[in-house]
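S.K.: Have a look at this one.
Please treat every number below as a calculation from the coordinates, not as lab data. Since this is a predicted model, take the numbers as computed values, not measurements. Neighbour counts run over all protein chains shown; Cβ positions are idealised from the backbone, glycine included.
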There are 2 protein chains.
Amino acid sequence: MAIPLALWRPFQRSLASQSPFRISVLSGQRLKVGSNGPKSSITCRGKHTPPLQQASHLLCRVGFPPQLVQARRSFSVLRRSSRLEEGPIMEKVCLNEAARVVEVEWADGGVSMFPYVWLRDNCQCQQCFNPDSRARLFLMADLDVNLSPVTADVYAAGTMLTVDWPDGHHSQYDWSWLKGRCFSTQALEKRGRDWQRKTKLWGSELAHDLPKADFPTLLTDDRALYDFLFRLDSVGLVLVQNVPCEIGQLERLANRVAFLRHTNYGKEFVVKSKPNPSNVAYTSAKLGLHTDLPQYNYAPGVQMLHCIEQCKGEGGDNHLVDGFNVAYQLKEENPEAFRLLTTLKVNFQDEGIDYHRFYLRERRPIISLDDKGNVENINYNDQVRDSILDLPTDQVQALYGALKAYNTIMYLPRNCVRHKMAAGEMIAFNNTRTLHGRLAYSQTGGTRHLQGGYLDWDEIYSRMRVLKTDLGIQD
Amino acid sequence: MAIPLALWRPFQRSLASQSPFRISVLSGQRLKVGSNGPKSSITCRGKHTPPLQQASHLLCRVGFPPQLVQARRSFSVLRRSSRLEEGPIMEKVCLNEAARVVEVEWADGGVSMFPYVWLRDNCQCQQCFNPDSRARLFLMADLDVNLSPVTADVYAAGTMLTVDWPDGHHSQYDWSWLKGRCFSTQALEKRGRDWQRKTKLWGSELAHDLPKADFPTLLTDDRALYDFLFRLDSVGLVLVQNVPCEIGQLERLANRVAFLRHTNYGKEFVVKSKPNPSNVAYTSAKLGLHTDLPQYNYAPGVQMLHCIEQCKGEGGDNHLVDGFNVAYQLKEENPEAFRLLTTLKVNFQDEGIDYHRFYLRERRPIISLDDKGNVENINYNDQVRDSILDLPTDQVQALYGALKAYNTIMYLPRNCVRHKMAAGEMIAFNNTRTLHGRLAYSQTGGTRHLQGGYLDWDEIYSRMRVLKTDLGIQD
């Protein structure tokens, strides 16, 4: 259960200058370290934290002056890390003037090349970098991009690279910090995988094995919360159970993650049949499979629908479809339709009064690809697809053919999960991937009352990274 | 001062069947029209609304049975529109089976071609379209994309196109609704211009003529609010004056537009020098020119900084630079650097505790282009540019060269507006275009206290469209 290096780096550096031992912060609350340099403060959280006494003991064992350690809370802690001690250290460094890189030879073999300009730009001294804000203080305006070091060397048993610059500035870099920033093809590929979504495609078979989460557990258990978010990201759909049948629950869950995304429908919206509805969702009519709010340039990332009351009669069942899976099926079966839906722009609009008066418009392809050609977002919504279509006449029939082809595949029984929510259930799904719709329902069958709300992926991914840190999750 | 056609169309249609006169809703609150067809309800707002009596009089003059008009409020109104009477009407329609379009010949010359499939998809009858939600009820699943009409005709003095379909469904389309959706090259180009930003580039000369707005006026005057938003969009910068020197003013202005964008720094953030700052902005250090939060996939659209107290001593001056202008200068002077900054991805990260614990990461080009090659967004922030750089070693020097070139141009005196905010001023600027920075300041010169907050362009553009409607702004 290791804390990211950035968290303990300032501390480790001051330690390394005093001792050949290496330690890492594993858990705790907040540790303040006084050193010869400016003060560093490390915050980390976790369970099973050894007591302060043990932490101090360990610090003394690695030779750190006890008077420099001021633990604010009794459960702050440091511990020797066997993992780090096993890591490679630097055997030798040299300046490669032709390539303008510092070459580092590692004890376990291999060579890393760190460009001169990158090293100077990323000097981690207190003058160049603010460890509290983890922000660069040394600005591009002050950087000579053609600078070469005077010398480069290793010290502290191969754990530190030092670089001296012509203006007398002295930089030092921790071996593990450098290793985590290696420019080799292999390292780039490894880091590149972090940016790839771990998408698991699904069809109707998911109905038998819906990812589920328990609402009270999500509110208290960080691991359960992480797993919930992980499955929202990888599967795109989680059924949350045992939610109290009263309003306010969406916000409780959202606040465990970050906060609700505010839109023109408010922070939460009430899905009930209403007079003069500002949205067709607020009727008892059938809703075709769709993603919400493609009329936004930035559509909400995750939608949550909490069932407080369900109609007793027929109808109101939700349909859920993996829009990515359907898009890849379309690509396979009808590449030209896929090409059209990924390139031609379709208009979406929504105008009315809800949280306030609004008039949203956007135009975009139905299927957005990332720069590797993977499906990234689905923007599909017949209800708010605009009657204005900004295409030449002779492309219109082809676009409709492609829309119809995509629509036809998404409604195939093999692709569709049908679930009539019970009171006390909440569906959370990736709104830029998982298409949702519902059957029409009879208003004589009692009230149907859902509460809806949104979260954004920026906030979710941020929360997942924090939880990974706390829980020591490696992947 | 005309209401969008969609608002008065249902009413106009029922009128047109009774009278050769055409009228349009110009302003008012809410007009309920009972007709032979389903009820239509029109909501519109504006100033200088003629009284109901006049409205009724006008309705009678155009031959509409008075008993069908039930105005809910005394200031609902209709007025004859000379503009509309001058408009073209349909002289003749025919089915072009080869091209699968309905051809419409206009009285003023010219022919429009409306694809069969588009016409069926966009039938505006109550069964196919919900006028309250302005949403399509007729879904792709029900559309036969290879359908051809049985007949097409015009009636009501050339104001209505009717189309009959093989299954007996009957559609009718208003001439002006059709005209607004014409597929001709000319019409597409005209509508395309609506999507283009009206960007006015600027340099240091803007300092002598800063766009200004008066805070109390913005809170009460819709036209002033529209002009403020228009200049934020076109110039990317407005100085708001006469703001009370107390917190809460950002939210007052934001709520006039929409609502504050919540981020990991909260809904508002306090820019003061603080201990253990989560952001380097919360120190007294110099801040290089930057845009905020490029570590978000969706960075905030507009930033507002409200000066409640300014330091008395030297420093703390804001620098403001048009990032688009600088990008185009770079493109001119150093096309290769421009190419690199628009294609190579740079990492941004931010980790810490503020509104909550956060760990945001994103990677993206410094300069984003739209699909026409125009500069769309600037993502530039030395402070949170990550030390992790996911590029092969041999591209690193070139990237730094490009960053330096961009940075050098942005700091040229010709590009930079310098303004030391006084208490009671607020700067609002396009955060994805206008770079901002500040000089270091001395903490012995009194407190420097700014309040910051964000708005998003989706909400701003929505508000601008609503205001355009209300104010009858044509452009």
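S.K.: With θ taken as phi - 60° and the coefficients 6.51, -1.76 and 1.60, list the Karplus ³J(HN,Hα) couplings across the range B:106-112 in order, rounded to whole Hz; mark glycine and proline as x.
M.R.: Calculated HN-Hα couplings, in order: 8, 4, 8, x, x, 10, 10 Hz.
S.K.: Give me the Debye-computed log₁₀ of I(q)/I(0) at q = 0.11, 0.12, 0.14 Å⁻¹ for the range A:204-471, equal point scatterers on Cα only, no solvent, two decimals.
M.R.: -0.61, -0.73, -1.01
S.K.: Points 7 angstrom from Cα along the Cβ direction at A:Glu314 and A:Glu332: gap in nanometres?
M.R.: It is 3.4 nm.
S.K.: Since chains A and B are linked by a rotation, which residue in A has the beta carbon closest to its axis, and how far is it in Å?
M.R.: Whole-Å result, nearest residue of chain A to the axis: A:Tyr298, 2.
S.K.: Expressed as cubic angstrom per residue, what is the convex hull volume of the alpha carbon set of the range B:124-280?
M.R.: Value for the range B:124-280: 257 Å³ per residue.
S.K.: In addition: Between the range A:324-365 and the range A:390-433, how far is it from one alpha carbon centroid to the other, in angstrom?
M.R.: 10
S.K.: Assume the label is 7 Å from Cα along Cα to beta carbon: what separations in nm does A:Thr343 have to the matching positions in the other copies?
M.R.: With the label placed 7 Å along Cα→Cβ, A:Thr343 yields 2.0 nm.
S.K.: Per residue of the range A:141-148, in order, report the coupling 6.51 cos²θ - 1.76 cosθ + 1.60 (Karplus, θ = phi - 60°) as ³J(HN,Hα) in whole Hz, putting x for Gly and Pro.
M.R.: 4, 9, 8, 8, 6, 9, 5, 10
S.K.: Work out the mean other chain Cβ neighbour count within 10 Å for the residues of A:293-301 and drop it here as an integer.
M.R.: Mean inter-chain Cβ contacts per residue within 10 Å come to 3.
S.K.: Here's something else I'd like to know. Could you pull out every one of the lysines with an alpha carbon less than 18 Å from that of A:Lys179, ignoring same-chain neighbours closer than 8 positions?
M.R.: Of all the lysines, those that pass the test against A:Lys179 - Cα under 18 Å, at least 8 places apart if same chain - are A:Lys92, A:Lys190.
S.K.: Which GluC sites (Glu not before Pro) in the range A:276-347 pass both tests, a DSSP loop state and at most 13 other beta-carbon atoms within 10 Å?
M.R.: The qualifying sites are A:Glu314.
S.K.: Looking at the calculated P(r) for the range B:90-194, what percent of the C-alpha pair distances fall above 18 Å?
M.R.: Roughly 49 percent, once rounded to a whole number.
S.K.: Using the Cα atoms of the range A:282-435 to build a convex hull, what is its mean projected area in square nanometres?
M.R.: With the hull built on Cα positions only, its mean projection is 10.1 nm².
S.K.: Need the list of aspartates and glutamates near B:Lys312 for cross-linking: C-alpha distance under 20 angstrom, and skip anything on the same chain fewer than eight residues off.
M.R.: Qualifying aspartates and glutamates at Cα under 20 Å: B:Glu246, B:Glu425.
S.K.: Same structure again: Could you list the trypsin sites (Lys or Arg not before Pro) in the range A:252-360 that lie in coil according to DSSP, counting only those with at most 13 other Cβ atoms within 10 Å of their Cβ?
M.R.: Sites meeting the loop and neighbour criteria: A:Lys312.
S.K.: Rounding to the nearest 20 debye, state how big the charge dipole of the range A:320-475 is about its Cα centre with +1 on each Lys and Arg Cβ and -1 on each Asp and Glu Cβ. Mind showing how you got there, number by number?
M.R.: Working: 19 positive and 21 negative charges, 84 e Å.
Magnitude of the dipole: close to 400 debye.
S.K.: State the answer as a single residue: which of A:Gln127, A:Tyr173, A:Pro149 lies farthest towards the positive end of the charge dipole of the range A:118-206, with beta carbon charges of +1 for Lys and Arg and -1 for Asp and Glu, about the Cα centre.
M.R.: A:Tyr173
S.K.: Here is a follow-up. Given H placed 1.01 Å from N in the peptide plane, which residues other than close sequence neighbours of A:Leu260 have an amide H under 5 Å from its amide H?
M.R.: none
S.K.: Just to verify a number: FRET efficiency for B:Ala99 and A:Asp214, C-beta to C-beta distance, R0 = 45 Å, to 0.05?
M.R.: Efficiency at R0 = 45 Å is approximately 0.15.
S.K.: Shortest first and in nm with one decimal, please list how far the B:His356 label point sits from its counterparts in the other copies (point 7 Å along Cα→Cβ).
M.R.: 2.4
S.K.: Within the range A:375-389, name every residue whose backbone N is under 13 Å away from a label modeled 7 Å from Cα of B:Gln186 along the Cβ vector.
M.R.: none
S.K.: Please give every one of the aspartates and glutamates within straight-line cross-link reach of A:Lys468, meaning a C-alpha to C-alpha distance under 16 Å, and leave out same-chain neighbours fewer than 8 residues apart.
M.R.: Straight-distance partners of A:Lys468: A:Asp194, A:Asp221, A:Asp222, A:Asp227, A:Asp233, A:Asp458, A:Glu459, B:Asp350, B:Glu351.
S.K.: I've got another one for you. Taking a label point 7 Å out from Cα toward Cβ, give me the nm distances from A:Glu314 to the same spot in the other copies, shortest first, one decimal.
M.R.: Computed spacing set for this position: 8.3 nm.
S.K.: How charged is the neighbourhood of B:Val150? Take every other residue with its Cβ under 15 Å from the Cβ of B:Val150, and add Lys/Arg as +1 and Asp/Glu as -1. Working shown, then result.
M.R.: Values: positive: B:Arg100, B:Arg120; negative: B:Glu97, B:Asp144, B:Asp153, B:Asp164, B:Asp167.
With Lys, Arg at +1 and Asp, Glu at -1, the net is -3.
S.K.: For a quick check of your reading of the filter: which GluC sites (Glu not before Pro) in the range B:216-301 sit in a DSSP loop and have no more than 10 other Cβ atoms within 10 Å?
M.R.: Filter output for the range B:216-301: B:Glu246.
S.K.: Residues with beta-carbon under 11 Å from that of B:Ser133, excluding B:Ser133: net charge, scoring Lys, Arg +1 and Asp, Glu -1?
M.R.: -1
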